[in-house]
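Report on the following structure.
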Number of protein chains: 2
Amino acid sequence: MALIKKPETGMKDILPEEMEIRDFVSRTARQTYASYGFEHIETPCVEHIENLSSSQGGENEKLIFKIMKRGEKLDLSAAKEENDLCDAGLRYDLTLPLARYYALHQAELLTPFKAFQMGSVFRAERPQKGRFRQFTQCDIDILGESGTMAEIELITATTELLSKIGFSGFTVRISDRRLLGAMADYSNIPAEKRDEAFIILDKMDKIGLEGVKEELGKNGFAEEAQERFLSLFTEKEQGIEGIRALAEKLGAAADPAREDLEHIIRMVSAVKKADFRILFDPTLVRGMSYYTGTIFEIEMDEFGSSVAGGGRYDGMIGRFTGSDVPACGFSIGFERIITILMDRKFQIPGRAGRKAILVEKGAGEDVLKKAMAKAEELRGNGDTALVCRMAKNKKFQKESLAGRGYGEFIEFYKEG
Amino acid sequence: MALIKKPETGMKDILPEEMEIRDFVSRTARQTYASYGFEHIETPCVEHIENLSSSQGGENEKLIFKIMKRGEKLDLSAAKEENDLCDAGLRYDLTLPLARYYALHQAELLTPFKAFQMGSVFRAERPQKGRFRQFTQCDIDILGESGTMAEIELITATTELLSKIGFSGFTVRISDRRLLGAMADYSNIPAEKRDEAFIILDKMDKIGLEGVKEELGKNGFAEEAQERFLSLFTEKEQGIEGIRALAEKLGAAADPAREDLEHIIRMVSAVKKADFRILFDPTLVRGMSYYTGTIFEIEMDEFGSSVAGGGRYDGMIGRFTGSDVPACGFSIGFERIITILMDRKFQIPGRAGRKAILVEKGAGEDVLKKAMAKAEELRGNGDTALVCRMAKNKKFQKESLAGRGYGEFIEFYKEG
């Protein structure tokens, strides 16, 4: 029987053109983050199902690829539900495995620990254009640093990376989860309706202030609560004055977050080398429930949604160890960035020259030796040297090679 | 409930020290293979269960991590056997996915296509020391080249890589699957006993000539067949004369393989730059059933088993397309190589200097700005510059940092 040629549903083969760009971004990320002292680590793609289903993953927990038990452990007749049949799953992000990793290896790692991770994650989402069920995440995290130095370093390193791969003029938006509680207090939103209010607020980008107002109304928020709540978000992009004005409205409860945000914005603005702005955005919510403090995103005009996101999640490692460890991370949207660079027909800086050595069929060992020695010489000069048999249709062969960047052809014939 | 700190059974977290070495080998492989015109590609970790179970994978098919169907497709009550519950699995090698990839994308790729792959594969083996259920494979393959140029390039590129990562004095052993049939003919081994004979021959490395003789006897091979068969393997390492002597015994059927092997050995010996020997080994079998022609391995004295292996598998792509495409590949034992380098306490050449900037707690923004500007300056010079808060126990902090390669400490105090 013939085998199946297409990749598994929702998954993707990567062609050489795209892979070159992926390698360039990976390499630049590795180098940039290493220069800040982030240490590269890896965790397995396969994770305990108990950890994956521990409600640290929010909506992603509905999208787990589950791995079947093996051998005698797999008992079909006794299985009452899905989870009786599986003991593991594919990770849906790199943050939960990092928390597990740090909980286990803390004694062998530096404090604070600056981690760099790049790897595949898996989500069984409905297949759709540009969204794949296996994709690469690229995260940096600082564990064991409770102060704002973590945020300043994460933002500086991430923006430097984006700058090195050709992006400029973007905006870092920052807020703090601690403000959200104070905002709900200010608006007299009852405790049981808060999460709902924040989920609606999170849609601001898509549906605007009017849309948020409408949804709040539909969902039975009191008129006065709506008005007070919405009055906090008249401007999306604000400087330090914006934070101060908001904090003044919210009262003393907002002060710790205000101080941190002011300090981060001042410091990042002072030390930044890349071309970007950092602004306070009171409408920022970010989906994951594990965030406990600062939250941030990077937006680029040419690409609707955010190209990087992160924040502080001081509670997660404690789920493994029993005692909390401060943690803060920033993740670039690797796949989105690759899509943008592909659309831009991005030229990789410093790419080696490509030279093809074509050897006529039937050429003897002496000719072949000369051809291979030539290739060796070119490689010694830093070029890419491809040796292959000369095709019958040499014109077509050269055109194909030119399409893959070969700019020079050296021919070796039977007669030497 | 506390979460599970250890990785999933048989899987491994990678600590920063090891990751540095892995990154060095990956980087060197990518660069070396790229300089030969191998193009980097990727396939998904998840593969159709039909493809994985198509008997291209030999023993590995018993070790598949199977992925459960999702949503309505998962019907526990109707499921009669394991495979009713799964629709995919994790790949156990990179060769089968490559054949699928080439079958699908051939029109978009160069001919011949030189592929470089590096990625995780998964096998549910019994957990044991040094063997993991997720591990990295690093393969090069040439598809669409039927001639020995493929073998010569694969061996030259792979040995160059090994040389660049610090190995020398190793041995490339080569043989040809086509000789095995002729050997069985010569020994009058009946058709139905051949696979068994080759499986026993494959153990030569472990049990020696005497052991092979004993096993043949136990398994009911005729005395005369045993003697004729064993007479072919008196020497494991042979030069071109060895091939000729064997081919003379085996008759005309052995000639195509003899010619190819002679040519490959002469050419590789002539063009090689790395320090190694290439020898004919008539006892070479290699496990996978998909090999159709040349087979080769690299052995290093300091490490018992082989550190690289490969061969020609001209039939596999035809399983997807209906028409065969010549194919030949060489895979380094990535994990074994990492283990050897770790044991050697390998020093990565050209590693950036590491400097740590320690900032006293309570230092104001002005001091922090100076510290960060200093870090930026160091990074500009190609150094790694880590900025962190000065710990209360500065001595311990510096010792920890020295343990991770930090050789210089720059201190910034509150007072500026």
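Quick look at the values:
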item: Which numbered condition A:Ala29 misses (of (1) of a type in the set (Gly, Ala, Ser); (2) in a helix (DSSP H, G or I); (3) within 7 Å of chain B (Cβ to nearest Cβ)); result: (3)
item: Wholly enclosed helices (runs of 4 or more DSSP H) of the range B:299-416 bearing at least 2 residues closer than 30 Å to B:Ile174 by Cα, within 13 Å of chain A (Cβ to nearest Cβ) and in contact (Cβ under 8 Å) with a residue 60 or more places away in the chain; result: B:318-321, B:334-343
item: Identity of the residue in the range B:137-156, more than 9 Å from chain A (Cβ to nearest Cβ) and surrounded by fewer than 21 Cβ atoms within 10 Å (Cβ to Cβ), that ends up nearest to B:Gly333 (Cα to Cα); result: B:Gln137
item: Yes/no for A:Ser269 being assigned to a strand (DSSP E or B) and farther than 30 Å from A:Arg379 by Cβ; result: no
item: Matching entry among A:Ser26, A:Ser55, A:Ser35 (being in the same structural domain as A:Gly318 (by TED's automatic domain parsing) and within 30 Å of B:Leu109 (Cα to Cα)); result: A:Ser26
item: Residue match in the range A:125-132 (condition: within 9 Å of chain B (Cβ to nearest Cβ) and either part of a loop (DSSP other than H, G, I, E, B) or in contact with a Cys (Cβ under 7 Å, 6 or more places away or on another chain) (or both)); result: yes
item: Lone qualifier among B:Thr9, B:Thr32 - being exposed (fewer than 15 other Cβ atoms within 10 Å of the Cβ) and touching a residue at least 40 places away in the same chain (Cβ under 8 Å); result: B:Thr9
item: Residue pairs meeting the criteria (Cβ under 6 Å; at least 6 apart or on separate chains; first within 14 Å of chain A (Cβ to nearest Cβ), in the range B:268-281; second assigned to a helix (DSSP H, G or I) and of a type in the set (Gly, Ala, Ser)); result: B:Ala274/B:Ser163
item: Those residues of the range A:63-103 which are within 7 Å of another protein chain (Cβ to nearest Cβ), assigned to a helix (DSSP H, G or I) and in contact with a helix residue (DSSP H, G or I) (Cβ under 9 Å, 6 or more places away or on another chain), in sequence order; result: A:Arg100, A:Ala103
item: Options B:Glu227, B:Glu248, B:Glu259: the member that is of a type in the set (Asp, Glu), over 21 Å from B:Ile298 (Cα atoms), assigned to a helix (DSSP H, G or I) and within 14 Å of chain A (Cβ to nearest Cβ); result: B:Glu259
item: Residue in the range A:147-168 that is of a type in the set (Ser, Thr, Tyr) and under 30 Å from B:Glu47 (Cβ atoms) present; result: no
item: Hits in the range A:230-245 - residues which are not in a loop (DSSP other than H, G, I, E, B) and not hydroxyl-bearing (Ser, Thr, Tyr); result: A:Leu230, A:Leu232, A:Phe233, A:Gln238, A:Ile240, A:Glu241, A:Gly242, A:Ile243, A:Arg244, A:Ala245
item: Identity of the residue in the range A:47-71, among the hydrophobic types (A, V, I, L, M, F, W, C) and more than 19 Å from the chain's Cα centre (by Cα), that ends up farthest from B:Cys45 (Cα to Cα); result: A:Ile49
item: B:Ala247 being out of contact with any strand residue (DSSP E or B) (no Cβ under 8 Å at 6 or more places or on another chain), modelled with pLDDT of 90 or more and of a type in the set (Gly, Ala, Ser); result: yes
item: Some residue of the range A:315-337 being surrounded by 20 or more Cβ atoms within 10 Å (Cβ to Cβ) and among the charged types (D, E, K, R); result: yes
item: In the range B:104-117, the residues that are more than 7 Å from chain A (Cβ to nearest Cβ), farther than 11 Å from A:Leu15 by Cα and touching a residue at least 24 places away in the same chain (Cβ under 8 Å); result: B:Thr111, B:Phe113, B:Lys114, B:Phe116, B:Gln117
item: Residue identified as more than 30 Å from A:Pro349 (Cβ to Cβ) and in contact with a Gly (Cβ under 6 Å, 6 or more places away or on another chain) among A:Ile4, A:Ile49; result: A:Ile49
item: Meets criteria (in contact with a Ser or Thr (Cβ under 6 Å, 6 or more places away or on another chain), touching a residue at least 12 places away in the same chain (Cβ under 8 Å), aliphatic (A, V, I, L, M) and more than 19 Å from A:Thr171 (Cβ to Cβ)) for A:Ala225; result: yes
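Results for (1) free of Cβ contacts under 8 Å to residues at least 60 places away in the same chain; (2) surrounded by fewer than 19 Cβ atoms within 10 Å (Cβ to Cβ); (3) more than 30 Å from A:Ala352 (Cα to Cα), shown as yes or no for each residue.
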{"position": "A:Arg22", "(1), (2), (3)": "no, no, no"}
{"position": "A:Tyr36", "(1), (2), (3)": "no, no, no"}
{"position": "A:Val46", "(1), (2), (3)": "yes, no, yes"}
{"position": "A:Gly58", "(1), (2), (3)": "no, yes, yes"}
{"position": "A:Lys62", "(1), (2), (3)": "yes, yes, yes"}
{"position": "A:Ile67", "(1), (2), (3)": "yes, no, yes"}
{"position": "A:Leu85", "(1), (2), (3)": "yes, no, yes"}
{"position": "A:Leu94", "(1), (2), (3)": "no, no, yes"}
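The values are calculated or read from the model by the stated rules, or taken from the named source; none is laboratory data. These numbers come from a predicted model, not from an experiment. Glycine also receives a Cβ, built like all others from the backbone with ideal geometry; neighbour counts cover every protein chain displayed.
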